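Student: Starting off with a structure, shown below.
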Amino acid sequence: MIEARHLRVLRAVSTTGSFSAAARELGCTQPAVSQQMKALEASAGTTLLIRTGREMRLTQAGEALVRHASGILAGLTAAEEEVAAIAGLRAGRVRLVSFPSGSSTLVPGALAALRAEHPGTRVSLVEAEPPRSVDLLREGDCDIALAFRYGATGGEWDDLVVRPLLTDRLIGLVPDGHRLAGAASVSIGELSEESWIAGCPRCRRQLVEVCEESGFTPRIDFATDDYPAVMGLVGAGLGVAVLPELAVESVRPKGARAVPVEPAIEREIVALTLPDLARVPAVAATLDQLARTAAR
């Protein structure tokens, strides 16, 4: 019989590439990892790892088992949480991953409301931009991923439960003394000769596509995932930028002026989870609170 703890060890060995690194990640000893891998291979009835010097690689059987491990472990987590709720244990745990502007705007209100309504539910938060946040969800390392996309991409999230939250419009940022600082709106083409400050890789690609549709390629002099840094660079007169409205709300720009951009550039903000996890009461309650916060 294949045990869940053995699957966790196999996944850790596959991810880290060695028994010693897997032991550090799991908080146990290297001999314990080796012993559990031997037990797993005995249960599977075949070799799962090939050891060549200090390196290890998965056999075909090992690759198949790792491929199924995340879904199996997520299903087990869902079962444990749901059984605990049915048994009357007023407790739950939710691991949330969010992109930075979501962490500073949507997440605080949602988690405060969740704590008031379900004080026994614990929520942990780490930050990651999509697609990494979505990968963490599929790998079983979080329960909910707050993500965004520019336009629907066919099949991108077909295996996940998608909870739409809001549509976030991108806002232009120009220095206070800029010729367009007082404009009611700005055409993206009016900024064709400007220096640009770009954000995260996905936002950067979207910026280039929108500019190219308007007949020019933006000259990107600075690129940073840190929204306050983008605003600081714009405020210092080093260029212009477009940022999500959520990001502009979360950080008060100094020396920079926000102006609407035409044509409108929008991104869809969603909460994602796995089908099994969507039935876990604590996860469902967190999704509900995120949706309520986004609707305000």
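Student: Using the scaling law 2.2 N^0.38 Å as the reference, what is the normalised Cα Rg of segment 127-275?
Tutor: The value comes to 1.10.
Student: Using the C-alpha gyration tensor of segment 192-233, what are the square roots of 5 times its eigenvalues, in whole angstrom, with the largest one first?
Tutor: Output for segment 192-233: semi-axes of 18, 12, 6 Å.
Student: Within segment 1-99, what whole-number % of the accessible surface is contributed by carbon and sulfur, with the 1.4 Å probe and all protein chains included in the calculation?
Tutor: The C+S portion of the solvent-accessible surface of segment 1-99 is 52 percent.
Student: In µm²/s, what is D for the chain at 37 °C and 0.692 mPa s, where D = kT/(6 pi eta Rh) by Stokes-Einstein and Rh is the Kirkwood radius from Cα pairs?
Tutor: Working: Rh = 21.7 Å.
Reported coefficient: 151 µm²/s.
Student: What's the center-to-center distance, using Cα atoms, between segment 150-196 and segment 15-59 in Å?
Tutor: Cα centroid to Cα centroid, the span is 47 Å.
Student: Take the Cα gyration tensor of segment 224-267, multiply each eigenvalue by 5, square-root it, and list the three semi-axes largest first, rounded to whole angstrom.
Tutor: Taking √(5λ) for each Cα gyration eigenvalue gives 17, 12, 10 Å.
Student: Between residue 50 and residue 29, what is 0.36 nm times their sequence separation minus the Cα-Cα distance? Round to one decimal in nm.
Tutor: Taking 0.36 nm per residue and subtracting the Cα distance, the gain is 5.5 nm.
Student: May I pose another question? Given a Förster distance of 35 Å, report the FRET efficiency between residue 80 and residue 262 from their Cβ-Cβ distance, rounded to the nearest 0.05.
Tutor: Details: r = 51 Å, r/R0 = 1.45.
So, using R0 = 35 Å, E works out to roughly 0.10.
Student: With n ≥ 4 as the cut-off for DSSP H runs, can you work out [θ] at 222 nm for the chain, using -39500 (n - 2.57) per run divided by the number of residues, rounded to the nearest 500? Before the final figure, lay out the partial values.
Tutor: Details: 10 runs with 131 residues, N = 296.
Mean residue ellipticity, 222 nm, calculated: -14000 deg cm²/dmol.
Student: In square nanometres and to one decimal, what's the mean projected area of the convex hull around the Cα atoms of segment 26-136?
Tutor: Mean projected area of the Cα convex hull: 10.2 nm².
Student: Counting just the Cα atoms, what span does segment 117-175 cover along each of its three principal axes? Round to the nearest Å and put the largest first.
Tutor: Its Cα atoms span 45, 32, 20 Å along the three principal axes.
Student: Moving to a separate point now. What number comes out for accessible area per residue over the chain if the probe is 1.4 Å? Units Å², please.
Tutor: Averaged over the residues of the chain, the accessible area is 49 Å².
Student: Moving on. Any idea how far apart residue 5 and residue 68 come out in nm if each label point goes 7 Å out from Cα toward Cβ?
Tutor: In this crude spin-label approximation the distance works out to 2.2 nm.
Student: Only residues of segment 202-236 count here: report those whose backbone N is under 17 Å from the spot 7 Å along Cα→Cβ of residue 185, or say none.
Tutor: Only 211, 214 pass the distance filter.
Student: How high is the relative contact order of segment 139-296, in percent, with contacts defined as C-alpha pairs under 8 Å that are six or more residues apart? Each step should come with its number before you reach the end.
Tutor: Values: 269 pairs, mean separation 68.3, N = 158.
43 percent.
Student: Treating the beta-carbon of each Lys and Arg as +1 and of each Asp and Glu as -1, no other charges, what is the dipole magnitude of segment 1-141 about its Cα centre, to the nearest 20 debye?
Tutor: That gives segment 1-141 a dipole magnitude of about 300 debye.
Student: Another question about this same structure. Hey, if we sort 6, 68 by accessible area with the 1.4 Å probe, largest down, what's the order?
Tutor: Ranked list, largest accessible area first: 68, 6.
Student: Compute log10 of I(q)/I(0) for segment 152-212 with the Debye formula, placing one identical point scatterer on every Cα and leaving out solvent, at q = 0.15 Å⁻¹, to two decimals.
Tutor: Each listed q corresponds, in turn, to -0.65.
Student: Related question: Kindly write out, for segment 2-14 in residue order, the coupling ³J(HN,Hα) from the Karplus curve 6.51 cos²θ - 1.76 cosθ + 1.60 (θ = phi - 60°), rounded to whole Hz, with x marking Gly and Pro.
Tutor: In residue order, the calculated couplings are 7, 9, 4, 5, 5, 5, 4, 5, 4, 5, 5, 5, 5 Hz.
Student: Size of the dipole of the chain about the Cα centre, Lys and Arg at +1 and Asp and Glu at -1 on the beta carbon, nothing else charged, in debye to 20?
Tutor: Working: 31 positive and 36 negative charges, 196 e Å.
Once rounded to the nearest 20, the dipole reads 940 debye.
Student: Among 40-48, 235-243, 163-171, how do they line up from the highest to the lowest mean number of other beta-carbon atoms within 10 Å? Show your work: numbers first, answer last.
Tutor: Values: 40-48: 15.0, 235-243: 20.7, 163-171: 19.0.
In descending order of packing, they fall as 235-243, 163-171, 40-48.
Student: What size of dipole, in debye to the nearest 20, comes out for segment 191-236 about its Cα centre when the only charges are +1 on Lys and Arg C-beta atoms and -1 on Asp and Glu C-beta atoms?
Tutor: 120
Student: Using the basic label-point model (7 angstrom from Cα toward the beta carbon), what is the residue 162 to residue 205 distance in nanometres?
Tutor: Inter-label distance under the simple model: 1.6 nm.
The values are calculated or read from the model by the stated rules, or taken from the named source; none is laboratory data. Everything numeric in this text was worked out from a predicted model, so none of it was measured. Positions of Cβ are generated from backbone atoms using ideal geometry, with glycine treated the same way; all protein chains shown enter the neighbour counts. What goes into the accessible areas is simple: the full protein's heavy atoms, side chains included, and nothing from ligands, DNA or RNA. Shrake-Rupley method; radii C 1.70, N 1.55, O 1.52, S 1.80 Å.
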